[in-house]
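Just below is one structure, and these are the notes that go with it.
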Amino acid sequence: MRVAGFRCRIRPACALTYSATVRTPKDLLAVMSTSNDPDAQRTGEYRFHQRNPIPSYLIALAVGDLQFRPMGNRTGVYAEALDGGARGQGI
């Protein structure tokens, strides 16, 4: 794994934007703390762009056999299935 770091003090006044490309095995999904397409194809390469400045402690990355479930019109949850990752099962 290769990560290009950023230097920023951990405080709300120090906010930044970011772009990232994450490569995974094709059967895994990557999501980050920015907009994610719940219908994205599992290609093994995911691109993210956070255009709104956020504090560095809010940057998050998750990779796994993730499924999306909506919680409302604008929100939802990504998680692995309770049965250890079989697709099509409830979260």
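Every number in this text was worked out from the coordinates using simple rules, so none of it is lab data. Keep in mind that what you see is a predicted model, and the values were worked out from it rather than measured. When we count neighbours, we look across all protein chains shown, and the Cβ atoms used for this are built from the backbone with ideal geometry, even at glycine.
Annotations for the structure displayed:
- Each Lys or Arg adds one and each Asp or Glu takes one away; over the other residues whose Cβ falls under 12 Å from the Cβ of residue 43, this sums to +1.
- Protection proxy ranking of 69-80, 32-43, by the mean of other Cβ atoms within 10 Å over each peptide's residues and highest first, is 32-43, 69-80.
- Peptides 54-67, 13-26, ordered by how many other C-beta atoms sit within 10 Å of their residues on average, highest first, read 54-67, 13-26.
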